[in-house]
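The values are calculated or read from the model by the stated rules, or taken from the named source; none is laboratory data. Everything quoted here is computed from the prediction, not taken from an experiment. Cβ placement follows ideal geometry from the backbone for every residue including glycine, while neighbour counts extend to all protein chains displayed.
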Amino acid sequence: MPASRHPNLPDNQVPHWEEVEFEPVAECRIFDVVSKRFRHPERESEGEFYVIRTRDWVNVIPITPDFEMVLVNQFRFGVKKNSWEIPGGVMDPGEDPVVAGLRELQEETGFTSKSARLLGSVRPNPAIQNNSCHIVLAERASKTADLKWDEHEEIVTKTVPIETVFEMAQSGEIFHSLVLNALLLFYPEWQKIQARRRSRQSSVRVLNFDAQASGRDDS
């Protein structure tokens with residue numbers, strides 16, 4: 001069945017509704033709820049929609065020199081279950097994602113990294129939320145600092161081989177959608193890491209073979 005579209009719009013483009021009214025509904029500790037009225041650009045019809053306004057978030061993929069990933073386990077009140085995740089948290093307004101990610105990593109786990117970069121950014125739920133979640137890759141992470149948990153935080157930290165982390169995601173043991181999203185963004189980087197490791201291992205085997213061959217020639 002062909003995709004339906006407005007007759008006055010090009011293929012694969014939907015109308016951009018105009019915001020015409022805004023009204024606060026609730027102010028909570030970590031987010032606000034607002035009511036917004038939008039108008040359709042062609043039909044002129046209007047509708048009321050609720051939006052959760054909150055600050056941006058950051059999630060960190062910490063990789064140790066042994067190619068293990070630092071995971072955290074904590075109780076999540078929304079689902080009333082413990083959840084295996086990567087470190088992360090709420091960013092301060094205007095804060096750089098890498099700076100925020102390294103801060104959250106250190107506070108939650110005591111791990112630090114001097115080699116971190118932004119992998120990408122996603123929208124947690126564009127239907128009802130206005131914020132972004134930024135994914136930071138922190139390589140050569142090591143435990144060098146003290147923990148600094150928030151008031152209600154209780155976190156278990158463990159390092160897990162990267163292949164096992166992907167298995168945990170496949171099996172459903174890791175079920176947090178933003179963590180799964182981060183692993184998706186990280187997967188191409190993991191393939192590059194594996195390729196570099198295979199190349200080094202191959203070079204070592206060649207050097208060992210040459211050394212053995214040279215030893216036989218000398219004898």
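One line per residue, one yes/no per condition, for (1) at pLDDT 95 or above; (2) of a type outside the set (Gly, Ala, Ser); (3) part of a loop (DSSP other than H, G, I, E, B); (4) surrounded by 16 or more Cβ atoms within 10 Å (Cβ to Cβ):
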| site | (1), (2), (3), (4) |
| --- | --- |
| Ser4 | no, no, yes, no |
| Asp11 | no, yes, yes, no |
| Glu21 | yes, yes, no, no |
| Arg37 | yes, yes, no, no |
| Gly47 | yes, no, no, no |
| Val51 | yes, yes, no, yes |
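For Val99, the requirement of being assigned to a strand (DSSP E or B) and within 20 Å of Leu147 (Cβ to Cβ) is not met. Among the residues of segment 156-176, is any of a type in the set (S, T, N, Q), in contact with a Gly (Cβ under 9 Å, 6 or more places away or on another chain) and surrounded by 13 or more Cβ atoms within 10 Å (Cβ to Cβ)? Looking for residues that are of a type in the set (S, T, N, Q), in contact with a Gly (Cβ under 9 Å, 6 or more places away or on another chain) and surrounded by 13 or more Cβ atoms within 10 Å (Cβ to Cβ), one finds at least one in segment 156-176, hence yes. Looking at Arg43, is it more than 13 Å from the chain's Cα centre (by Cα), at pLDDT 95 or above and not aromatic (Phe, Trp, Tyr)? No.
If a residue has to be touching a helix residue (DSSP H, G or I) at 6+ places or on another chain (Cβ under 6 Å) and either among the hydrophobic types (A, V, I, L, M, F, W, C) or closer than 14 Å to Gly88 by Cβ (or both) to count, how many in segment 139-153 make the cut?
Qualifying residue count for the region: 1.
Quick one: is Arg205 more than 19 Å from Gln74 (Cα to Cα) and at pLDDT 80 or above? So Arg205 does not fit the description; no.
Taken over segment 72-125, residues that are farther than 18 Å from Ile52 by Cβ, of a type in the set (Val, Ile, Thr), out of contact with any Pro (no Cβ under 6 Å at 6 or more places or on another chain) and touching a residue at least 60 places away in the same chain (Cβ under 8 Å) amount to 1. Here Thr164 fulfils each of the conditions (1) out of contact with any Lys or Arg (no Cβ under 9 Å at 6 or more places or on another chain); (2) of a type outside the set (D, E, K, R); (3) in contact (Cβ under 8 Å) with a residue 12 or more places away in the chain; (4) part of a helix (DSSP H, G or I) apart from (3). Looking across segment 107-135, the residues that are surrounded by fewer than 17 Cβ atoms within 10 Å (Cβ to Cβ) and either hydrophobic (A, V, I, L, M, F, W, C) or in the same structural domain as Ser35 (by TED's automatic domain parsing) (or both) come down to Leu118, Ala127, Ile128. Among (1) acidic (Asp, Glu); (2) surrounded by fewer than 13 Cβ atoms within 10 Å (Cβ to Cβ); (3) under 30 Å from Glu19 (Cα atoms), where does Asp96 come up short? Asp96 satisfies every listed condition except (2). Annotation: Arg29 fulfils all but one of (1) farther than 27 Å from Leu119 by Cα; (2) surrounded by 13 or more Cβ atoms within 10 Å (Cβ to Cβ); (3) out of contact with any Lys or Arg (no Cβ under 9 Å at 6 or more places or on another chain); the unmet one is (2).
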